[in-house]
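Let me begin by presenting the structure, written as structure tokens, before commenting on it.
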Amino acid sequence: MLSTIARAAQQPSRMASRAFVSTWSSVPQGPPDAILGVTEAFKRDADPKKMNLGVGAYRDDNGKPYVLEAVKKAEAILLEQNLDKEYAGITGVPDFTKAAAKLAYGDESPVLSNLAITQSISGTGALNIGANFFSTFYPHAKNIYVPNPTWGNHNAIFSRAGLKVEKYGYFDKSTNGLNINAMLEDIKNAPKNSIVLLHACAHNPTGVDPTQEQWNEIAQVVKDQGHFPFFDMAYQGFASGDCTKDAYALRKFVADGHQVVLSQSFAKNMGLYGERAGSFSIVCADADEKSRVESQLKILIRPMYSNPPIHGARLVNTVLNTPELKQLWLDEVKTMAERIISMRTKLRNHLEADFGSKKNWEHVTNQIGMFCYSGMTPEQVDKIKDDWHVYLTRDGRISMAGVSSGNVKYLAEAIHNVTKD
Amino acid sequence: MSVFNTVAQAPADVIFSLTAGYKADKHPQKINVGVGAFRTDELKPYVLPVVKKADTILFNNADLDHEYLPIAGEPSYTRAATKLILGDNSPAIAQGRTGAVQTISGTGANHTGAAFLAAHFKGSGKVYISNPTWANHRNIFASLGFDVQEYPYWHPATKSLDYEGMINTIREAPSGSIFILHPCAHNPTGVDPTQEQWKGIADAMREKNQFTFFDCAYQGFASGDLDKDAWAVRYFVEQGFELFVAQSFAKNFGLYGERAGNLTFVCKTPEDTKRVLSQFEKLQRSEISNPPAYGSRIVDIVLNDPALYAEWKENLKYMSSRIIDMRQKLYQHLVDLKTPGTWNHIVDQIGMFSFTGLKAPQVKVMIEKYHIYLTDNGRISMAGLSNSNVEYFARAVDDVVRNVQV
């Protein structure tokens with residue numbers, strides 16, 4: 001068998017022996033993914049003290065991926081139930097989307113009855129559906145304003161769908177906090193009826209969230225300008241540990257009478273990353289509009305992938321709709337969020353107390369969620385990689401999930417050393 | 001005033017609507033021959049025994065987590081899927097000029113391939129789909145901006161392949177047009193070209209420098225033999241074509257809703273392959289980031305384990321045999337009833353679907369009088385027939401053929 005392959009490999013195909021032009025000769029090499037590149041470099045490093053702070057996936061205190069107990073129990077239940085694997089409808093597993101909607105908007109939310117909703121390929125898929133929906137149906141100029149900075153993939157998703165991507169001020173480098181004035185100013189100055197992307201909680205990549213008072217101000221300006229709020233909620237429960245608290249902004253806008261759309265992910269808060277469980281929802285005026293909008297969502301989805309993957313949705317559904325599992329999940333989400341918060345506290349303490357850093361590290365504990373915008377410059381990021389074997393993206397973003405009680409002091413030492421001059 | 005108040009009600013998806021109609025129907029003899037999902041002789045969904053085993057293996061594997069797959073999918077899965085369609089000994093694989101991206105089942109593979117072509121293929125801008133073809137093909141390509149045309153395929157008079165018509169269209173289409181070819185178990189007609197005809201099709205495609213895009217949703221399901229069903233694809237590769245193959249594990253693994261699919265691409269050189277893969281990854285990242293893990297893990301385990309693989313082939317044989325058995329029985333009933341017309345196409349056609357030749361007015365009566373649900377074009381899914389309903393079905397066909405004007 002081996003010799004056949006070897007012989008075949010030596011004989012060029014009939015086509016190849018003639019002069020030919022390859023169909024793909026002008027296809028350029030695509031850019032390497034910034035975040036994956038970090039992990040790849042990390043893997044090649046043999047240093048025992050190395051740390052991967054690029055990964056946007058939760059790790060336990062031993063630096064291992066964490067499969068939630070609630071999810072494990074849900075898996076056992078599913079196996080027991082012996083379900084078939086028939087297609088879900090185009091908009092997915094109905095009990096899943098119902099539960100997802102309640103979790104986001106609130107069990108008793110008045111918008112639930114007229115909510116157009118579809119299961120999606122996690123958060124990315126939800127954003128993609130939303131982007132395409134706006135591109136096709138939004139009756140005003142198709143401009144979407146995103147915070148500066150935002151998750152790298154937002155630009156790619158929205159641009160591909162034909163939306164014009166603009167930025168509003170957000171991160172203040174001098175304070176490593178929110179530049180609320182710039183944010184309000186830019187949103188106010190955006191042409192009326194623009195689409196405004198808002199991270200519902202645990203802003204990615206900065207970890208900087210508006211306070212509740214600031215959210216109230218933002219809601220007012222958005223309303224004054226007739227803008228359309230597009231919420232991206234990838235970390236509900238994961239930010240503060242409290243699902244209700246993390247949904248404040250979304251629910252405030254809804255209560256204020258805004259028409260909103262929402263992209264929801266269960267990748268992080270249920271640890272379901274690769275199972276791709278998410279949803280996209282649109283608050284509609286009435287039952288008729290809900291019906292029309294859902295019918296158009298189906299038209300968008302069918303030629304993309306027909307119907308969504310059932311496994312992740314069934315797991316989420318089982319967890320959210322089984323009271324003991326739901327409570328277990330809420331506790332686990334709280335534990336994950338608390339572990340992150342404790343790492344922030346430890347990191348800051350080590351920097352200030354153990355290494356006597358003169359710099360201001362308040363932002364480490366002020367920021368929230370998986371990511372911390374450390375304030376490190378690209379040069380400092382390179383240095384911390386070369387000298388200390390600590391890997392993070394060049395914007396200075398640290399994934400706190402990669403920090404554990406075993407390495408937080410080392411990290412503080414490394415950061416101190418590259419930032420002290 | 002709602003921003004969406006001008007959004008119009010879109011027409012409901014035909015096939016899903018048909019199923020909804022069937023579900024709502026209370027008639028005791030109702031039959032659903034609409035949707036293409038396999039059913040046992042008890043008309044129940046079928047989770048393959050080997051898949052059940054895989055479910056348990058996955059559940060018991062303490063090392064498994066739910067982390068993200070790589071953007072282009074899990075390599076052990078995509079490689080196994082590519083080997084499955086191109087053959088273990090494919091020279092193209094050995095030469096390093098094949099690649100793959102894991103997709104959301106067959107639709108995702110069609111869409112991702114189409115999106116790539118829309119961005120990178122410098123061609124005529126035209127895509128040719130068979131007349132008829134799977135209902136979703138047109139939209140997949142049209143929604144990405146292609147000018148969708150048809151090539152003749154089904155010959156109503158002979159109820160077989162319109163080979164001349166197909167070849168002529170391939171020759172007459174502008175160079176650099178994309179042709180969607182079904183390598184086996186054509187959906188909806190069940191009519192497949194012979195090997196000789198495939199050779200002629202390949203010649204015509206080469207002459208006019210058309211782009212080959214195979215859509216393979218039924219490997220193993222058509223004849224029961226995985227290699228036989230892949231013959232056309234392997235022939236084209238052997239002939240040196242660059243091509244795409246959209247692969248689905250929905251039917252042959254019964255994984256429908258788990259959405260396990262793959263897009264295999266064959267290039268001329270390893271360098272091309274590398275660049276093409278990088279662009280597929282860029283595309284995938286902006287649409288779904290990375291593919292769903294569960295379904296692909298089942299396929300991965302089975303394809304890569306000799307014992308499970310052998311068991312899968314048995315399960316496949318069971319499914320394809322039941323289909324073939326229903327074809328024989330339906331044909332026999334129609335012959336016994338002396339139903340007007342010729343019916344050997346029922347047994348000559350292959351795969352899950354049969355193009356009965358019934359026309360829309362006849363289909364209407366099938367639904368309304370007999371509570372038998374099939375699509376307007378007369379396509380039936382053989383999987384919806386069983387030993388207990390095939391005679392009722394045959395009698396209904398007999399009635400509408402004799403009595404309904406078309």
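Taking the Cβ of residue B:370 as the center, what net charge do the other residues with Cβ under 9 Å away carry, scoring Lys and Arg +1 and Asp and Glu -1?
+1
With θ set to phi - 60° and the Karplus curve 6.51 cos²θ - 1.76 cosθ + 1.60, what are the ³J(HN,Hα) couplings of the range B:265-280 in order, to the nearest whole Hz, using x for Gly and Pro?
Those phi angles translate into 10, 10, 10, 8, 9, x, 5, 4, 4, 5, 5, 4, 4, 5, 6, 4 Hz.
Ranked by Cβ crowding within 10 angstrom, fewest neighbours first, how are A:347, B:117 ordered?
B:117, A:347
Using alpha-carbon pairs under 8 Å, 6+ residues apart, how would you state the relative contact order of chain B in percent?
Once divided by the residue count of chain B, the mean separation gives 25 percent.
Which of B:248, A:285, B:273 sits farthest toward the positive end of the charge dipole of the protein assembly as shown, with +1 on the Cβ of Lys and Arg and -1 on the Cβ of Asp and Glu?
Checked the options; the winner is B:273.
Report ³J(HN,Hα) in whole Hz for each residue of the range A:184-191, in order, from the Karplus equation J = 6.51 cos²θ - 1.76 cosθ + 1.60 where θ = phi - 60°; Gly and Pro get x.
Those phi angles translate into 5, 4, 5, 5, 5, 7, 5, x Hz.
For the range A:87-321, what's the radius of gyration and Dmax over Cα atoms, in angstrom?
Both quantities, over Cα of the range A:87-321: 16.5, 52 Å.
What number, rounded to the nearest 500 deg cm²/dmol, is the helix-based mean residue ellipticity at 222 nm of chain A, given -39500 (n - 2.57) per DSSP H run of at least four residues and division by all its residues?
That calculation yields -14000 deg cm²/dmol at 222 nm.
Run through every distinct alpha carbon pair of the range B:68-304 and return the Kirkwood hydrodynamic radius in angstroms, one decimal place.
Mean inverse Cα-Cα distance, inverted, gives 17.6 Å.
Ranking B:386, A:291, A:174, A:374 by Cβ neighbours within 10 Å, fewest first, what do you get?
Ordered by Cβ neighbours within 10 Å, fewest first: A:174, A:291, B:386, A:374.
Quickly estimate the mean residue ellipticity at 222 nm for chain B, helices only: each DSSP H run with n ≥ 4 gives -39500 (n - 2.57), and the total goes over all residues, rounded to 500.
So the helix-based figure for chain B works out to -14000 deg cm²/dmol.
Could you list log10 I(q)/I(0) for chain B at q = 0.06, 0.07, 0.10, 0.12 Å⁻¹, which the Debye formula gives when each Cα is one point scatterer?
Result of the Debye calculation: -0.24, -0.33, -0.69, -1.00.
On a C-alpha basis, how far is the centre of the range A:289-315 from the centre of the range B:279-316 in Å? Whole number, if you could?
22 Å
Going by how many other Cβ atoms sit within 10 Å of their own, how do A:357, B:105, A:240, A:26 line up, fewest first?
Placing the least packed residue first, the sequence is A:26, A:357, A:240, B:105.
Give me a single rounded figure for B:64-74: the average over its residues of other chain Cβ atoms within 10 Å of their Cβ.
5
Count the lysine pairs in the range A:87-321 that are 8 or more places apart or on different chains: how many have C-alpha atoms under 14 angstrom apart?
For the range A:87-321, qualifying lysine pairs total 8.
Only four residue types carry charge here, +1 at the Cβ of Lys and Arg and -1 at the Cβ of Asp and Glu. Report the dipole size of the range A:87-321 about the Cα centre in Debye, rounded to the nearest 20.
That gives a dipole near 660 debye.
Principal axis lengths of the range A:191-343 from Cα atoms, whole Å, largest first?
Projected onto its principal axes, the Cα set of the range A:191-343 covers 42, 41, 28 Å.
Need one value for B:252-262: mean number of C-beta atoms belonging to other chains within 10 Å of its residues' C-beta atoms.
Taking all residues of B:252-262 together, the mean is 5.
With Rg and the Kirkwood Rh both taken from Cα atoms, where does Rg over Rh land for the protein assembly as shown?
In the protein assembly as shown, Rg relative to Rh is 0.99.
What net charge is computed for the residues neighbouring residue A:145, neighbours being all others with C-beta under 9 Å from the C-beta of residue A:145, Lys and Arg scored +1, Asp and Glu -1?
-1
Nearest 20 debye, what's the magnitude of the dipole of the range A:97-173 about its Cα centre given +1 on Lys and Arg Cβ and -1 on Asp and Glu Cβ?
260 debye
Between the range A:24-83 and the range B:8-82, how far is it from one alpha carbon centroid to the other, in angstrom?
After rounding, the separation between the Cα centres reads 27 Å.
Values in this text are rule-based calculations from the coordinates and carry no lab data. Just so we're clear, the structure is a prediction, and the values are computed from it rather than from any experiment. Note that each Cβ is placed from the backbone with ideal geometry, even for glycine, and that neighbours are counted across all protein chains shown.
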